[in-house]
Each structure stands twice: as structure tokens, then as C-alpha cells.
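The values are calculated or read from the model by the stated rules, or taken from the named source; none is laboratory data. Treat the numbers as computed from the prediction; the structure is a model and nothing was measured. Here the Cβ is made from the backbone with ideal geometry for all residues, glycine too, and neighbour counts use every protein chain on show. All accessible areas refer to the heavy atoms of the entire protein, side chains included, with ligands and DNA or RNA removed. Shrake-Rupley method; radii C 1.70, N 1.55, O 1.52, S 1.80 Å.
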Amino acid sequence: MPEGSTYLIFGTDLSGDALRSLRRWMLDVRNLSGPVDLREADPQPGEMGSLSDALVVAAGSGGAITALAGAVVSWLRHRTTDLTLKITGADGTTIEVDGKRIRAVDADQLSVMIGDLAAQLGARD
């Protein structure tokens, strides 16, 4: 995977507060060395300002991609609401990660899910 790959993380049910929570969670991951930025949508007529609608995450090598996958999976597992995140790579391919499925898994299954997501993300570019 080339250095500097960028991923867009979003979800139809994902509020600005949830995006900020996910961003804080990702910034606490030590191996995630690239920037994690909120993307702001243009305000619609009648809105007072822009809203956060996605995260833009830069991840380079396999270790950073695994850290990204681990952060997404662990954040979803700790949520009390059922969210589905979508992660779009630079090539436009989107992967969906369903939080409802993640909450019910044990530690071994969780490791497998993180590895599978990291492999899918690493295969993007």
C-alpha cells in the first residue's frame, strides 16, 4: 500500500457528535500516525453553519492500517446505538462496518474482524 493513502469515514446515521467521538478515539491510537480530520459539509439554506459529515483519515503502511481498523472496530463495539460506518478508499471503493454485528463477538472473533478489515483496507490502493 502506498504511503499517504486517505480514507473517508462516514455513515448515514452518524451525527457530528459521533464523528467527533470517533476522531478523539482514533487520536488516542498510538500507531495511527497520520492526520484524522473532520470534513465539513457546506451549509444548506437556512442552516447557521457547516456540519461535520465525515472523517478524513490518512494511513500509510500496514501498521497504521491495522490501527485504523482496530480503532473503528473498537469504537463501534463500545457504542450503545446501532451504527454502520462506511469507509471509502482513494479508489472510491466503500467497505461497510456494521456495529451491531461487532458488539456480540468475543475477543478472538474481534481480532479476526480487525484483521479482515485491515486486509480489505490494505487492498484498496
Consider ARG39 against the criteria (1) at pLDDT 90 or above; (2) in contact with a strand residue (DSSP E or B) (Cβ under 8 Å, 6 or more places away or on another chain); (3) open to solvent by 80 Å² or more (accessible area, probe 1.4 Å): it satisfies all of them except one. Which criterion is unmet?
(1)
Which members of the stretch 93-105 meet the condition of being at pLDDT below 90 and out of contact with any helix residue (DSSP H, G or I) (no Cβ under 6 Å at 6 or more places or on another chain)?
THR93, ASP98, LYS100, ARG101, ALA104, VAL105
Note on the stretch 63-87: residues over 16 Å from MET26 (Cβ atoms) and surrounded by 14 or more Cβ atoms within 10 Å (Cβ to Cβ) are THR84
Just checking, which of ALA69, ALA90, ALA64 is over 16 Å from THR12 (Cα atoms) and either among the hydroxyl-bearing types (Ser, Thr, Tyr) or at pLDDT 90 or above (or both)?
ALA69
Looking at the stretch 103-124, can you tell me whether even one residue there is at positive phi, of a type in the set (Gly, Ala, Ser) and open to solvent by 30 Å² or more (accessible area, probe 1.4 Å)?
no
